[in-house]
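Below: the structure, in structure tokens.
Just so it is clear, none of the values below were taken in a lab; they were calculated from the coordinates. On a predicted model such as this, the values are computed, not experimentally measured, just so you know. Virtual Cβ from ideal backbone geometry, glycine too; neighbours counted across all protein chains shown.
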Amino acid sequence: MDTMSEEPVMNIVGELVALGPLRRDLLPIYQRWMNDFAVVRTLGTPPIPMTMEREEGWFERAAKAEEIFPFTIYERATGRPIGNTSLMGLDWRSRTAEFGILIGEAEGRGRGYGTEVARLILDYAFTALGLHSVFLRVHEYNLAGRRAYEKAGYREFGRRRQSQRMGGKFWDTIYMDCLASGFTSPVLAAVFAPDAPR
């Protein structure tokens with residue numbers, strides 16, 4: 001059976017995008033995204049050729065890790081995978097985590113998808129997991145990312161000065177966070193609610 005033709009599992013469904021679990025059959029697509037240097041330039045990691053073996057290793061670690069909650073991002077209109085997102089470094093005692101996102105398909109950028117993904121992940125973090133604070137790191141030169149995160153509810157709380165090199169210049173890494181107390185659930189409050197009396 002062709003798994004690519006099957007309807008993907010979607011855990012969280014927004015207006016523009018939906019989030020579902022990582023899929024082994026999507027490894028060639030995940031690998032293609034990681035080999036597109038235009039995609040990885042905002043991640044802050046060295047642009048290195050991604051072998052299938054390395055991608056499989058990432059998948060195995062991410063699929064089994066208890067402190068990482070990864071998702072595949074799907075475009076709602078077409079159902080096609082367009083990126084990955086995750087909550088990382090979950091600290092259950094302090095109820096905190098770090099947000100990460102990668103929009104791998106060029107056509108998926110500049111359409112509001114990143115903003116909605118950021119909101120859906122915050123909804124998952126606060127409403128489903130009961131976290132208190134989610135933070136992210138974004139490089140100063142990533143203007144589109146910064147706008148998307150601000151629209152989703154993130155606010156800057158600090159900087160690491162001149163910590164990322166891009167285009168022959170050193171740029172700040174900006175730290176942003178969002179607190180549960182300042183967030184309104186767009187989707188999951190209707191799911192994670194007590195049953196109404198009958």
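Side notes on the structure shown:
- Other-chain or far-sequence residues with amide H under 5 Å of Asp172's (modelled H): Glu140, Gln162, Ser163
- Residue-wise HN-Hα couplings along region 16-30, as the Karplus relation 6.51 cos²θ - 1.76 cosθ + 1.60 with θ = phi - 60° gives them from phi, are 9, 9, 9, 10, x, x, 4, 10, 4, 5, 8, 3, x, 6, 4 Hz; Gly and Pro carry x.
- Cα-based values for region 135-186, radius of gyration first and Dmax second, are 12.3, 41 Å.
- Additional length obtainable on full extension of the chain from Glu66 to Ser94, 0.36 nm per residue less Cα span: 8.5 nm
- Pairwise Cα distances in region 23-162 exceed 25 Å in 27 percent of cases.
- Each principal axis of the Cα cloud of region 92-141 was taken in turn, and the coordinate range along them, longest first, works out to 38, 24, 13 Å.
- Extension reserve of the Phe170-Thr78 stretch, reckoned as 0.36 nm per residue once the Cα distance is removed: 29.2 nm
- Cα centre as origin, Lys/Arg/Asp/Glu Cβ charges: the chain dipole, Debye: 780 debye
- The chain: antiparallel DSSP beta bridges as a percent of all, rounded to 5: 90 percent
- Label point distance in nm, Thr45-Val9, each placed 7 Å from Cα along Cα→Cβ: 2.3 nm
- Extended-chain gain in nm, criterion 0.36 nm per residue less alpha-carbon gap, Ser163 and Phe135: 8.3 nm
- Relative contact order %, the chain, counting alpha carbon pairs below 8 Å whose residues are six or more apart: 17 percent
- Förster-model FRET efficiency, 35 Å R0, Arg32 and Arg198, C-beta, rounded to 0.05: 0.10
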